[in-house]
Each structure stands twice: as structure tokens, then as C-alpha cells.
Amino acid sequence: MNWTAIRAIYVFEMTRFFRTIAQSLISPVLSTSLYFVVFGAAIGSRIDQVEGVSYGAFIVPGLIMLTVMTQGISNASFGIYFPKFIGTIYELLSAPVNFLEIVMGYVGAAATKAMFIGIIILITSFFFVDIQIQNPAAMIAFLVLTCISFALFGFIIGIWAGNFEQLQLVPLLIITPLVFLGGSFYSITMLPPVWQTISMFNPVVYLISGFRWAFFGIQDVPIATSLLAIGLFTALCLGAIWWIFKTGWRIRQ
Amino acid sequence: MSTILSIQNLRKSYAGGFEALKGVNLDIEEGEIIALLGPNGAGKTTLISTVCGITMPTSGTVTVAGFDILSNYREARRLIGLVPQEIALEPFEKVINTVRFSRGLFGKGRKDSAVEDILKRLSLWDKRDNQIRELSGGMKRRVLIAKALAHEPRVLFLDEPTAGVDVELRKDMWEIVEQLRADGVTTILTTHYIEEAEAIADRIGVISKGEILLVEDKDTLMARMGKKQLDVQLTAKIDAVPDALSSYDLTLGDDGWTLVYSYDVNAERTGITMLLNDVQKAGLQLRDVVTRQSSLEDIFVSLVNQPEAAQ
Ligand SMILES: Nc1ncnc2c1ncn2[C@@H]1O[C@H](COP(=O)(O)OP(=O)(O)OP(=O)(O)O)[C@@H](O)[C@H]1O
Ligand SMILES: [Mg+2]
């Protein structure tokens with residue numbers, strides 16, 4: 001393992017993040033606050049409680065997940081797309097590193113940024129609602145796993161994308177609907193049976209359910225299933241990236 | 001001297017099926033400076049990219065200090081520094097950070113004194129805290145060199161380092177290469193400028209249409225191909241070389257107004273005096289006599305146009 005190289009990539013990427021830290025934080029914090037106002041205050045006043053948890057608190061895990069997933073994807077996809085776009089990728093390709101080291105550097109940095117923003121959202125939510133976290137360790141574990149797996153997914157998108165539109169298309173077209181329909185703002189059990197069945201095909205349901213379980217001890221699907229789902233997703237992404245570097249798909253002619 | 005880079009039968013076909021390298025063989029000695037000359041699209045960049053790992057070879061083998069670029073890519077790549085043809089840099093990053101990054105990426109631990117030394121040598125030390133976008137084009141090119149040198153490579157590839165660079169910077173660049181040679185760094189550079197190859201290279205390779213036409217010591221090349229020509233301009237046009245002059249290596253030029261005599265500068269007797277005597281005896285009137293020495297440029301042009309001349 002070329003740890004020096006991994007650290008070099010990681011530090012370089014984090015520098016970029018901290019250079020634009022204000023921009024990086026202001027938009028997620030603002031939109032989360034808006035969600036609290038709209039969903040928590042306006043809708044929450046009518047829904048009151050979901051499975052014994054106040055609606056305002058109930059949506060916190062989903063909101064964090066929503067942010068963390070989109071941030072993980074956009075950070076990692078941009079992180080690898082940018083060198084491709086401006087041509088600096090030549091250096092990565094000519095460096096004595098293997099795919100795992102490149103991934104660890106870029107995905108590690110992207111996941112860290114997502115994690116950072118996720119925690120900021122959590123802190124923001126303390127200002128709006130009263131929440132107790134039942135299982136902090138599990139909460140952190142789920143957060144970390146989600147950050148990493150979605151950053152991996154973003155990395156693939158960044159390599160696949162041929163232009164900036166494509167870079168934004170996947171998050172917009174696939175992730176946003178999956179996350180919104182994944183029980184961020186409601187419990188799956190509130191849906192009619194047909195939709196409950198359909199929801200089971202949405203991987204995001206498992207992540208949000210598991211994450212929410214760490215907060216409140218309530219779950220839509222068993223916690224083991226949640227872990228399995230996230231493990232499977234991570235493995236799939238890793239496999240895809242391994243294949244990409246093996247074949248040189250879209251990066252090495 | 002030992003061979004530091006060995007390229008054997010290297011072929012490269014791009015995805016579309018275009019064969020950019022058609023079986024390249026090239027051995028490069030440690031510590032030498034070799035210039036690869038070739039027209040646009042000859043395959044110079046493809047050759048460099050393949051050795052450096054940016055493109056995949058279709059077949060053939062390349063070793064760097066004995067390490068295969070595919071099976072021992074870590075060892076091989078650690079020894080190589082690459083300055084690409086196109087300027088590609090992170091615009092918002094600081095000069096010193098990008099150089100540190102390169103060093104780390106190639107597996108060398110942080111060493112500020114080494115980075116400082118490189119930046120000073122490239123006259124970038126004053127600009128170390130500037131963002132790349134604040135630099136001039138020539139400075140950016142030097143940042144690329146600094147990045148390539150950051151991990152102290154033993155082999156340096158310079159892909160057209162002086163394209164679009166002013167005379168002064170070009171001289172600077174040559175000096176840098178000269179200094180690197182003193183440190184034992186082997187340099188492979190590509191160029192369109194013959195004077196550049198003439199000025200700094202020990203050996204010159206000519207590449208065209210994916211094939212190496214010739215690799216030769218610069219001096220040998222100059223001497224071997226360094227024919228001189230004597231143009232004997234006549235006062236009257238002739239249709240053919242007179243029989244009386246058939247023993248000389250003469251051709252008719254300028255629609256019959258000039259006799260062109262090729263001779264070897266290095267030969268003991270050039271035969272000029274005798275020729276001029278015989279020309280008069282043949283009854284021809286001289287208008288003027290001009291000599292020309294073929295430059296590397298002529299050699300290059302004739303090679304690329306008729307590759308058989310290389311043999
Ligand atoms: N990615 C690519 N896909 C397909 N063909 C390519 C690719 N890159 C280069 N080529 C082709 O390979 C040939 C050699 O290109 P290369 O860039 O190696 O030439 P070069 O000698 O460096 O030229 P120049 O002096 O203009 O830089 C050209 O015909 C070019 O069109
Ligand atoms: Mg080129």
C-alpha cells in the first residue's frame with residue numbers, strides 16, 4: 001500500500017474543500033433549515049407523531065441521509081471528474097498507485113466532507129427539535145458507511161460522465177427520487193400495501209430505516225437487512241471501480 | 001553506461017483501430033539526453049504516454065531500469081517524471097501545494113527542503129504561494145517541470161517543453177536539462193525544433209508515422225549526412241551533363257542552369273579544383289559558384305519524406 005500517495009490525494013482534496021468551506025456549508029444548512037420550517041412546522045403540526053416520535057424529530061435522520069448521500073455523490077464525482085476535465089488526470093495515471101489507493105484518497109476525502117456536512121446538519125437540527133440519540137455508535141457507523149458507499153457511487157459517476165450535465169443528471173434523476181421515496185419524511189408503514197412492496201426495491205429505504213433505528217429504535221425493515229443492503233451496495237460499487245481500472249474504461253485508452 | 005529504458009517492439013492501436021505505434025524499438029542509456037524529432041501526429045506523445053502508463057500498450061515490452069512497466073509498474077513509475085505536452089494544472093491551487101502533492105503521489109515523504117530546491121532551481125520560489133491561475137504561461141510550464149521533478153526521478157520525459165515559449169525561456173529550459181544531466185538524470189524530449197535537438201541532445205531519434213526511422217549520435221548523424229553541395233551556375237542552359245564530366249557525382253539543377261556537385265566535407269580531397277578545371281575544359285562558362293551545407297533540418301525532411309534514406 002502506498003500510504004504516502006493516499007495521504008497526498010486526501011490532503012489535496014481536503015484543501016479544496018476547506019478553501020470553499022463557506023460555500024460548502026451554507027447551502028446544505030440553509031436547505032435543511034427550510035425543510036424543518038416546511039415539513040417540521042407546517043406539516044408536523046398536523047401529523048404530530050410517527051410511531052411515538054414527534055414528526056419534527058422523525059425527519060431528522062432522513063434529512064441527514066438526504067444531505068449525506070447527495071454530498072457524497074457530488075463531492076466524489078466532481079473530485080474525479082475535475083482532473084479528467086482539466087487534464088491533470090495524467091499525473092494520477094502515471095503515478096505508482098493502484099486503483100484502491102486512488103479510490104481511498106478520493107473517496108475518503110469525499111466521504112469525510114459528506115460526513116462533516118452531515119454532522120453540521122445534525123447540529124443544526126438541535127436548534128429546531130428535541131432529539132435523543134439512542135444508539136450513538138450505530139448512528140455514527142451508519143453515517144460513515146453511507147458516506148463511503150455513496151462517495152464510491154459518485155466516483156463511478158465522475159468517471160462515467162463525459163460532461164458537466166451528465167455529472168449532475170444522475171444525482172438529479174436517480175438519487176433525489178430514491179431518497180424522497182425512501183422514507184425520509186414518512187414511515188414506509190404509512191403507505192398503502194402496494195407501495196410498501198414497491199418501496200422494498202428502493203435501496204435507500206434500508207439505509208434510512210437503519211439510520212432512524214439508531215436514533216429512535218424504530219425501523220421499517222430489520223436492522224440486519226439494513227446492514228446487508230449497505231454492505232451489498234458498497235461491494236457492488238467497489239467491484240465496478242475495480243473493473244473500471246482493470247479495463248481502463250473511460251480513463252485509460 | 002547501462003540501459004535505463006528499453007522499448008521493444010512496442011505497438012499501440014487506439015480504440016478506433018488506428019495504429020499510432022508500429023513496433024518501436026529504442027534503448028536509452030542512463031544519463032543521456034535524447035531528442036525525438038517528428039512531424040505532427042508521428043506518435044511522439046503516444047510513445048511517451050505508453051511508457052508512462054497513461055495509455056495501455058497493445059503489445060511489446062517496456063522496462064525502466066529493468067522493471068517492466070506493467071508487471072512492476074510501481075518500481076518503474078517511481079523512476080519516471082513526465083512533463084506533458086498540454087498545460088494541465090489545478091487553477092486554484094497554490095504552486096507549492098501542487099508540487100508537494102506530486103511528490104507524495106509518487107510515494108516520497110514530505111521534504112520541504114527538496115521542494116524548495118526544485119522551486120528555486122526553476123525560479124518559482126517567489127511564486128510559491130500564488131495560485132496557478134495567477135502565473136504566466138511560461139511559469140505554468142515550469143510548474144509542470146517542478147511537479148515532474150518533485151519525486152526525484154531518474155528518467156525525465158519532456159513532451160515539447162519549449163512549444164510556444166519565448167527564446168529566453170527556451171534557453172532556460174535547455175540549461176535546466178543540462179543541470180539535470182549533471183545530476184545523472186536521463187532526459188527524453190520531443191520537439192519540432194531542429195535547433196533544439198541540435199543544441200542539447202546527445203542522440204537524435206527521428207519518428208514518423210509510428211515508426212522510428214533512425215536513432216543516431218548527433219555528431220555522427222551530422223557528419224554522416226553532412227554532405228556539402230556545390231552549385232555551379234552557368235551562363236547558358238544545358239540539356240544534359242556533358243560526357244567529359246561523367247566521372248563526377250553531378251546532377252542538373254535549376255532547369256539546366258546549374259550543375260550540382262555533392263561532396264563529403266570530411267574527405268581529404270573534395271575534388272572541387274579538378275571539377276572546376278574540367279568544367280572549363282568542357283567549354284562551359286561559369287556565372288557563379290555557391291556552396292551549401294545540409295543542416296539537420298534537411299536531413300530530417302529528407303528522412304521523413306523518403307525513409308529508405310535512413311538505411
Ligand atoms: N486518444 C486517441 N485516440 C485515437 N487516436 C489518437 C489518440 N491520440 C492520438 N491519436 C492519433 O495517434 C497519432 C499520433 O498522435 P501523437 O499525439 O502521438 O502524435 P505526436 O507525434 O505527439 O504529434 P504532435 O507533434 O502534434 O504532438 C495521431 O494520428 C493521432 O491522431
Ligand atoms: Mg505530441
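Checked against the criterion of being surrounded by 13 or more Cβ atoms within 10 Å (Cβ to Cβ) and part of a helix (DSSP H, G or I), segment A:124-135 contains one or more residues that satisfy it. Test residue A:25 against the criterion of being among the hydrophobic types (A, V, I, L, M, F, W, C), away from chain B (no Cβ under 14 Å) and over 30 Å from residue A:188 (Cβ atoms), and give yes or no. Taking the combined requirement at face value, the residue satisfies it.
You will find that of B:86, B:93, the residue that is within 16 Å of ligand 2 (Cβ to nearest atom) and either in contact with a helix residue (DSSP H, G or I) (Cβ under 6 Å, 6 or more places away or on another chain) or of a type in the set (Asp, Glu) (or both) is B:86 and no other.
State whether one or more residues within segment A:6-15 are more than 14 Å from chain B (Cβ to nearest Cβ), of a type in the set (Asp, Glu) and not in a strand (DSSP E or B). No: segment A:6-15 contains no residue that is more than 14 Å from chain B (Cβ to nearest Cβ), of a type in the set (Asp, Glu) and not in a strand (DSSP E or B). Given the options B:79, B:21, B:10, name the one that is at pLDDT 95 or above, more than 15 Å from ligand 1 (Cβ to nearest atom) and in the same structural domain as residue B:206 (by TED's automatic domain parsing). Being at pLDDT 95 or above, more than 15 Å from ligand 1 (Cβ to nearest atom) and in the same structural domain as residue B:206 (by TED's automatic domain parsing) holds for just one of B:79, B:21, B:10, which is B:79. Apart from one condition, residue B:6 fits all of (1) more than 16 Å from ligand 2 (Cβ to nearest atom); (2) within 12 Å of chain A (Cβ to nearest Cβ); (3) surrounded by fewer than 22 Cβ atoms within 10 Å (Cβ to Cβ); the exception is (2).
Can you spot a residue in segment B:173-188 that is away from ligand 1 (no atom under 16 Å from the Cβ), surrounded by 21 or more Cβ atoms within 10 Å (Cβ to Cβ) and not hydrophobic (A, V, I, L, M, F, W, C)? Yes, that holds for at least one residue. Any residue in segment B:50-68 that is within 16 Å of ligand 2 (Cβ to nearest atom) and farther than 30 Å from residue B:116 by Cα? Taking every residue of segment B:50-68 in turn, at least one turns out to be within 16 Å of ligand 2 (Cβ to nearest atom) and farther than 30 Å from residue B:116 by Cα. Tallying residues that are on the phi < 0 side of the Ramachandran plot and either charged (D, E, K, R) or more than 21 Å from the chain's Cα centre (by Cα) (or both) within segment A:223-253 yields 9. In segment B:138-252, counting only helices (runs of 4 or more DSSP H) that sit wholly within it, the ones holding 3 or more residues that are away from ligand 2 (no atom under 16 Å from the Cβ) and not hydrophobic (A, V, I, L, M, F, W, C) span B:167-182, B:218-225.
Within segment A:42-79, the residues that satisfy the criterion of being away from every other protein chain (no Cβ under 13 Å) and under 30 Å from residue B:148 (Cβ atoms) are A:75, A:76, A:77. Scanning segment B:81-102 for residues that are closer than 19 Å to residue B:186 by Cα and more than 7 Å from every other protein chain (Cβ to nearest Cβ) turns up B:81, B:83, B:85. Please work out if residue B:58 is of a type in the set (S, T, N, Q), surrounded by fewer than 24 Cβ atoms within 10 Å (Cβ to Cβ), within 21 Å of the chain's Cα centre (by Cα) and more than 10 Å from chain A (Cβ to nearest Cβ). No; evaluated as a whole, the condition is false for this residue.
Highlighted here are the helices (runs of 4 or more DSSP H) found entirely within segment A:179-251 that include at least 1 residues which are in contact (Cβ under 8 Å) with a residue 24 or more places away in the chain and buried (at least 17 other Cβ atoms within 10 Å of the Cβ): A:203-216, A:223-247. For residue A:59, the test of being modelled with pLDDT of 85 or more and over 30 Å from residue A:245 (Cα atoms) is passed.
Residues of segment B:105-123 that are farther than 23 Å from residue A:13 by Cβ and not in a helix (DSSP H, G or I): B:122, B:123. Residues that are more than 22 Å from residue B:68 (Cα to Cα) and in contact with a Leu (Cβ under 7 Å, 6 or more places away or on another chain) within segment A:79-102 comprise A:81, A:83, A:88, listed in sequence order.
In this structure, is residue B:203 charged (D, E, K, R), over 20 Å from residue B:42 (Cα atoms), touching a Lys or Arg at 6+ places or on another chain (Cβ under 7 Å) and at pLDDT 90 or above? It is false that residue B:203 is charged (D, E, K, R), over 20 Å from residue B:42 (Cα atoms), touching a Lys or Arg at 6+ places or on another chain (Cβ under 7 Å) and at pLDDT 90 or above. Once segment B:190-213 is narrowed to residues that are more than 16 Å from ligand 1 (Cβ to nearest atom) and of a type outside the set (Val, Ile, Thr), the residue that is surrounded by the most Cβ atoms within 10 Å (Cβ to Cβ) is B:201.
The values are calculated or read from the model by the stated rules, or taken from the named source; none is laboratory data. Computed from a predicted model, the values in this text were never measured in an experiment. Backbone-built Cβ (ideal geometry, glycine too); neighbour counts: all protein chains shown.
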